[in-house]
1. Going by the conditions given, is K71 exposed (fewer than 15 other Cβ atoms within 10 Å of the Cβ), among the basic types (K, R) and within 16 Å of the ligand (Cβ to nearest atom)?
2. Sort out which residues of segment 65-119 are β-branched (V, I, T) and over 22 Å from T12 (Cβ atoms), and write them in order of number.
3. When E160 is evaluated against the numbered criteria (1) under 21 Å from D46 (Cα atoms); (2) surrounded by fewer than 19 Cβ atoms within 10 Å (Cβ to Cβ), which criterion, by number, is the only one it fails?
4. So V52 clears everything in (1) without any contact (Cβ under 8 Å) to a residue 24 or more places away in the chain; (2) in contact with a Ser or Thr (Cβ under 8 Å, 6 or more places away or on another chain) except one condition, right? Which one?
5. Kindly indicate whether any position in segment 44-61 is among the small types (G, A, S), within 17 Å of L116 (Cα to Cα) and surrounded by fewer than 22 Cβ atoms within 10 Å (Cβ to Cβ).
6. List every residue pair whose Cβ atoms lie under 8 Å apart, where the two residues are 6 or more positions apart in sequence or sit on different chains, the first residue falls within segment 142-168 and is in contact (Cβ under 8 Å) with a residue 12 or more places away in the chain, and the second residue, located anywhere, is small (G, A, S) and in a loop (DSSP other than H, G, I, E, B).
7. Identify, from the list L29, L34, the residue that is under 20 Å from the mean Cα position of the chain (by Cα), closer than 30 Å to A176 by Cα and either more than 15 Å from the ligand (Cβ to nearest atom) or not β-branched (V, I, T) (or both).
Amino acid sequence: MKILVVEDEPKTGDYLRQGLAEAGFVVDLARNGLDGLHLALGEAYDLAIVDVMLPGIDGWQLLQGIRRAGKDMPLLFLSARDAVEDRVKGLELGADDYLVKPFAFSELLARVRTLLRRGSKAKEPELLRAADLELDLIRRRVSRSGRKIDLTAKEFSLLELLLRRQGEVLSRSLIASQVWDMNFDSDTNVIEVAIRRLRAKVDDGFEPKLIRTVRGMGYVLEVAT
Ligand code: CA
């Protein structure tokens, strides 16, 4: 899941980027409204978190630009001002939620997950499955044969990607860009290592094996027939 953060205050921006990345999201950070709009229109995001007071174009103008372009990703606004007019204006213009600074990160994360769930309700299931493996997108839990499997945030994102695109061979560069938000560098074995760990947790001791390496091409999760 990819999130755009538009925040000019360096400390808050870095805090959000780091916290969301640790929670398993891929995050792009824009430090002003114009960069934010540029990214919002050029890339595919599942959600945008936007500060109201921004240099250049403010959060409201950003919101209008995004909606005018036909982008319907959910937008969560952040504001230091708790004026009722602000809240009303934001919701009228098409903001999906509004959070007043300062906020607890756990509160932000809860709102983010609610918005993502609401935004994807029509097209997405709450559970992803392959054989007896289950990934619960809402509770962020994974189990196999009813046994709980503990995954790190990155492992969870990796498994989510593999499950969403079940049966499809995913290249390492695609996995790198979707899960790590980095360009694939052949010197790093971060993906191999993560796949190996994930496979040990998900496949060791279970049948059928679900995660497979396709030599020279990448990885696939499928129920062998
Ligand atoms: Ca600001």
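The values are calculated or read from the model by the stated rules, or taken from the named source; none is laboratory data. Since we're looking at a predicted model, the values are computed, not measured. For neighbour counting, all protein chains shown are included, and Cβ atoms are generated from backbone atoms with ideal geometry for every residue, glycine included.
1. Details: exposed (fewer than 15 other Cβ atoms within 10 Å of the Cβ): yes; among the basic types (K, R): yes; within 16 Å of the ligand (Cβ to nearest atom): no.
No; evaluated as a whole, the condition is false for this residue.
2. Keep residues of segment 65-119 that are β-branched (V, I, T), which gives 66, 84, 88, 100, 112, 114.
Across segment 65-119, the qualifying residues are V84, V88.
3. (2)
4. The number of the failed condition is (1).
5. So the first thing to find is which residues in segment 44-61 are among the small types (G, A, S), and the list is 44, 48, 56, 59.
Next, only the ones that are within 17 Å of L116 (Cα to Cα) stay: 44, 48.
This time we only want the ones that are surrounded by fewer than 22 Cβ atoms within 10 Å (Cβ to Cβ), so: 44.
Among the residues of segment 44-61, at least one is among the small types (G, A, S), within 17 Å of L116 (Cα to Cα) and surrounded by fewer than 22 Cβ atoms within 10 Å (Cβ to Cβ), which makes the answer yes.
6. Going by the 8 Å Cβ cut-off, the qualifying pairs are A153/A23; A153/G24; K154/G24; F156/G24; S157/G24.
7. On the way: L34 fails: under 20 Å from the mean Cα position of the chain (by Cα).
Result of the check over L29, L34: L29.
Listed here are the residues, each with its yes/no results for (1) modelled with pLDDT of 95 or more; (2) crowded, with 18+ Cβ neighbours inside 10 Å; (3) β-branched (V, I, T).
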position	(1), (2), (3)
L135	yes, yes, no
A153	no, no, no
R172	no, yes, no
D181	no, no, no
D203	yes, no, no
V223	no, no, yes
